[in-house]
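Here the structure comes first, spelled out in structure tokens, and everything after it is commentary.
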Amino acid sequence: MDAALHHHKVVSMDSEFPGFLRKTPRRSDELSAFADMKFNVDNMKIIQLGITLSDENGIIAGTWEFNFKFLIETEVFYDPKSIEFLKESGIDFEELRINGIDQLFFSNMFTHVLSRHRDLKWLTFHGLYDLAYMVKLVTKKPLPYMARFYDDLHRGELGLEKLAKILGVKRVGGSHQAGSDSLLTARVFARMKTMYGIEESRFVGFLYGVTTRICEPVSTQVLPTFPRCCEPGIPQLCQVLPASRYCRPMIHGVFLYPPIIQHQYRVL
């Protein structure tokens, strides 16, 4: 994955988790909705994480599915109906008990990989809980007390499977498997870009369930190229060159050819 991220910087993700301890009514106020999500995520553990890497043209580098250790016998918080649903979808909880990945080990390894790739684009479908579990997994902390919510795509009735059928995108693998769902998300997004000519900058920072933009593009950078490498001790050769009047150089370091366009984002 580390090697693939150098050239495939669109990260489509999906997760599977043990249901909801608090179910939020559709018309709940924003504070109640976020409080329910925080309570659910803080008190439960992620079961599966699916990641698909692709480039700007929708070319898939690969799909990874991480299955975490989950012991139903010792877990205090989970929704039994959701566990049965996941079993029916093909998740083997006995295998997770024996061979599941330790979450702390994964978190340390995954954050190390992410620290080497700061210019990634994250893609989710109805991904509020997916992102919440990812934040908890990476930070090893409870969720922060902040968020706002809105009415969703077709009021939440247009799911990934239905959207894929509308666009003529075939699924590989089974539904409600994090790896398969992340791959389908990547393919659906690529098809939408091709069919509708989506201008990505208009949608950067918008997340299912959050009213306000959580980040926005603030700069575009062209990384200069050199014959072999940037010689240490000559910092002026290592400076990022602005691509336009909107660019604010932020990164300094060693870059090899060919030139790379990087889009920087600012958390709001």
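Looking at region 97-121 only, could you name the residues that are assigned to a loop (DSSP other than H, G, I, E, B) and open to solvent by 20 Å² or more (accessible area, probe 1.4 Å)? Of everything in region 97-121, those that are assigned to a loop (DSSP other than H, G, I, E, B) and open to solvent by 20 Å² or more (accessible area, probe 1.4 Å) turn out to be Asp102, Ser115, Arg116, Arg118, Asp119. Within region 77-94, the only residue that satisfies the criterion of being surrounded by 11 or more Cβ atoms within 10 Å (Cβ to Cβ), acidic (Asp, Glu) and outside any loop (DSSP other than H, G, I, E, B) is Glu84.
When Thr111 is tested against the conditions (1) modelled with pLDDT under 90; (2) over 25 Å from Ile91 (Cα atoms); (3) of a type in the set (Ser, Thr, Tyr), the lone failure is (1). Look at Phe70 and say whether it is more than 28 Å from Lys121 (Cα to Cα) and free of Cβ contacts under 8 Å to residues at least 60 places away in the same chain. Against the criterion (more than 28 Å from Lys121 (Cα to Cα) and free of Cβ contacts under 8 Å to residues at least 60 places away in the same chain), Phe70 qualifies. For region 6-24, the count of residues that are part of a helix (DSSP H, G or I) and over 19 Å from Leu131 (Cβ atoms) is at least one. Considering region 1-51, the residues that are of a type in the set (Lys, Arg) and open to solvent by less than 60 Å² (accessible area, probe 1.4 Å) include one that is farthest from Asp181 (Cα to Cα), namely Lys38. Checking each residue in region 155-206 for being of a type in the set (Lys, Arg) and at pLDDT 80 or above picks out Lys162, Lys165, Lys170, Arg171, Arg187, Arg191, Lys193.
If only residues of region 65-76 that are open to solvent by 70 Å² or more (accessible area, probe 1.4 Å) and at pLDDT 90 or above are counted, the one that is nearest to Ser15 (Cα to Cα) is Glu65. Pairing residues of region 84-101 that are more than 15 Å from Glu73 (Cα to Cα) with residues that are surrounded by 13 or more Cβ atoms within 10 Å (Cβ to Cβ) and hydrophobic (A, V, I, L, M, F, W, C), at Cβ distances under 6 Å and at least 6 apart in sequence or on separate chains, gives Ile101/Phe66; Ile101/Phe68.
The values are calculated or read from the model by the stated rules, or taken from the named source; none is laboratory data. Every value quoted in this text rests on a predicted model; they were computed, and no experiment measured them. Using ideal geometry, Cβ is built from the backbone for each residue, glycine included, and neighbour counts are taken over all protein chains shown. The accessibility values were calculated without ligands, DNA or RNA, using every heavy atom of the protein model including side chains. Shrake-Rupley method; radii C 1.70, N 1.55, O 1.52, S 1.80 Å.
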